[in-house]
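Take a look at the structure below.
The values are calculated or read from the model by the stated rules, or taken from the named source; none is laboratory data. These numbers were taken from a predicted model, which means no experiment stands behind them. Cβ coordinates were reconstructed from backbone atoms using ideal geometry, including for glycine residues, and neighbour counts include every protein chain displayed. Accessible surface areas use protein heavy atoms only, side chains included; no ligands, DNA or RNA. Shrake-Rupley method; radii C 1.70, N 1.55, O 1.52, S 1.80 Å.
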Amino acid sequence: MADGPFLRGLFRAHLWLSARLMPVLVGRRDFEGVLKLAPLQSPAPYRDLPWAYIVQRVNRTVRRPWFMRDRRCLREGLLGFRFLRMAGLDPELRFGVDASSMHEPRLSAHCWVCLDGKPVVSDSQPGMVEIYRHPASVKAPAA
């Protein structure tokens, strides 16, 4: 399906619905459960959409959250990762923690999405130490 008004309308409706369901889907899941919402394998119905358009629409869709306000970057990251994967791209979902919050009762964490090593949805914040990368595809280990 070529990029056109129908594909973009379908994409926007799918993104809007996914963004509204994300707080329910994330709920109180543990980290592994949350990563299941960012599948490594997915169909690519939005292959003809440019990545910049996808990122712009994700950012616009999540700009005023009613739910998940304290985990806004997680919502942005999961949606950005999922829809970039559905465009046939290979994003990475990266997670980091603020080193100064290690001894606090509540850990300060952040996530962002990168394409080709460059942040496209959110970005690492100052003082963040990257602790995990959710790879775009399963790659065979180097021999």
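Scanning region 11-32 for residues that are in a helix (DSSP H, G or I), of a type in the set (G, A, S) and under 20 Å from H134 (Cβ atoms) returns S18, A19. One residue stands out among those in region 36-57 that are out of contact with any Lys or Arg (no Cβ under 9 Å at 6 or more places or on another chain) and outside any loop (DSSP other than H, G, I, E, B): the one that is nearest to P5 (Cα to Cα), which is I54. Note on region 108-129: residues that are out of contact with any Asp or Glu (no Cβ under 6 Å at 6 or more places or on another chain), of a type outside the set (S, T, N, Q), assigned to a loop (DSSP other than H, G, I, E, B) and open to solvent by less than 60 Å² (accessible area, probe 1.4 Å) total 1. Scanning region 1-10 for residues that are part of a helix (DSSP H, G or I) and either open to solvent by 100 Å² or more (accessible area, probe 1.4 Å) or not basic (K, R) (or both) turns up P5, F6, L7, G9, L10. Among the residues making up region 74-107, those that are assigned to a helix (DSSP H, G or I) and surrounded by fewer than 20 Cβ atoms within 10 Å (Cβ to Cβ) are A99, S100, S101. Total residues in region 101-117 satisfying the condition of being over 22 Å from L40 (Cβ atoms), modelled with pLDDT of 80 or more and of a type in the set (D, E, K, R): the figure is 1. Each residue in region 27-42 was checked for being loosely packed, with under 10 Cβ neighbours inside 10 Å and over 14 Å from L93 (Cβ atoms), and 4 pass. Test P91 against the stated conditions and say whether it is in contact with a helix residue (DSSP H, G or I) (Cβ under 8 Å, 6 or more places away or on another chain) and at pLDDT below 85. Judged against the criteria, P91 is not a match.
Scanning region 43-60 for residues that are within 24 Å of F95 (Cβ to Cβ) and surrounded by 15 or more Cβ atoms within 10 Å (Cβ to Cβ) yields W51, I54, V55, R57, V58, N59.
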